[in-house]
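Peer 1: My questions all concern the structure below.
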Amino acid sequence: MTPDDTFSHAAEEDARNETIRLWLNGRIVPKAEALVSVYDSGFMLGDGVWEGIRLYDGRWAFLDEHLDRLFEAARAIDLDIGMTKGDLARALRDTQDANGMTTDAHARLMVTRGPKTRPFQHPRLSQRGPTVAIIMEHSRPKIPRPIRLATVPHIRGLPMTQDPKLNSHSKLNCILACIAAEKAGADEALMLDVHGFVNTTNACNFFIVRKGQVWTSTGDYCLPGITRAKVIDLCRANGIPVFERNFSLVETYSADEAFLTGTFGAQTPVGSIDGRTIGTGQMGPVTARLRELYRALVAAS
């Protein structure tokens, strides 16, 4: 990573990650030994669900909400995790202890339908499994400047195709959106919904600020982000007008501020969209206030 690399999940380099230990199917193993079969459903078909969780001062932030969302997603795709929420929480903490982590760490809980007997899609061919992995790393966000977004033709679609509310392993649509944004000279993609309203980015939920009001999408076509929900709750609890509504690119271009929300970066400022500077191009006062309120919420959780 070069000093100018900017994207919503950019992190400082940390040499400790070379000797990190990961959790895989009940065992804590060195990173080089955390291997899955080429027949695994996740590798072969993107058949699985996942959660990203951050460690702050010895505590995994909003762990219960993340585990609830993981188990709801697993039920939605008819996948038996084979563990309880308590089992997964213990595995997470065991992996944390094995790596001596206390803060500024990120974990990705991943569950697939397991290895297949033949290289085809039918779920009945996954006769062993599931595969459960916890990828953990020392991770401090590093955003050298506000994010630049570009609107792309790729959309978050209808629930009868691939429901955007699922945190699935199948991320190709979002990857293609990110590639299109990079080709346009931006860091990440701003994606619209099926009606042409501003929706989300390829990796994070999206907010704008107009005349002191905070706007985000209706939530109908995006991941129900836990950080997104916390920001909405913080606005309501602190007298900041907040609206989940449809809004257009025209309204977005003339916003006073814009920011992203996600487990990794919390609240990440947006400096420009489609070459148009948003506000001053720097973090605005409402975004800065929400960052402070969020830090206090995490510390109190």
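Peer 1: Mind checking which residues of segment 276-301 are touching a strand residue (DSSP E or B) at 6+ places or on another chain (Cβ under 8 Å) and not in a helix (DSSP H, G or I)?
Peer 2: Across segment 276-301, the qualifying residues are THR277, ILE278, GLY279, GLY281, GLN282, MET283, GLY284, SER301.
Peer 1: Name the residues in segment 76-92 that are surrounded by 15 or more Cβ atoms within 10 Å (Cβ to Cβ) and part of a helix (DSSP H, G or I), would you?
Peer 2: LYS85, LEU88, ALA89, ALA91, LEU92
Peer 1: Between a residue in segment 94-111 that is assigned to a loop (DSSP other than H, G, I, E, B) and any residue that is of a type in the set (Phe, Trp, Tyr), which pairs come within a Cβ distance under 6 Å, given they are 6 or more apart or on different chains?
Peer 2: Sorted first by the residue in segment 94-111, then by its partner, the pairs are THR103/TYR56.
Peer 1: Among the residues that make up segment 44-62, is at least one of them without any contact (Cβ under 8 Å) to a residue 40 or more places away in the chain and surrounded by 14 or more Cβ atoms within 10 Å (Cβ to Cβ)?
Peer 2: Scanning segment 44-62, I find no residue that is without any contact (Cβ under 8 Å) to a residue 40 or more places away in the chain and surrounded by 14 or more Cβ atoms within 10 Å (Cβ to Cβ), so the answer is no.
Peer 1: Residue by residue through segment 6-31, note down the ones that are over 30 Å from LEU260 (Cα atoms), without any contact (Cβ under 8 Å) to a residue 24 or more places away in the chain and among the hydrophobic types (A, V, I, L, M, F, W, C).
Peer 2: Selection gives VAL29 alone.
Peer 1: With respect to the numbered conditions (1) within 20 Å of the chain's Cα centre (by Cα); (2) outside the structural domain of THR280 (by TED's automatic domain parsing), which one is the sole condition not fulfilled by ASN173?
Peer 2: Failed condition: (2).
The values are calculated or read from the model by the stated rules, or taken from the named source; none is laboratory data. Quick caveat, the model's predicted, so the values are computed rather than measured. When we count neighbours, we look across all protein chains shown, and the Cβ atoms used for this are built from the backbone with ideal geometry, even at glycine.
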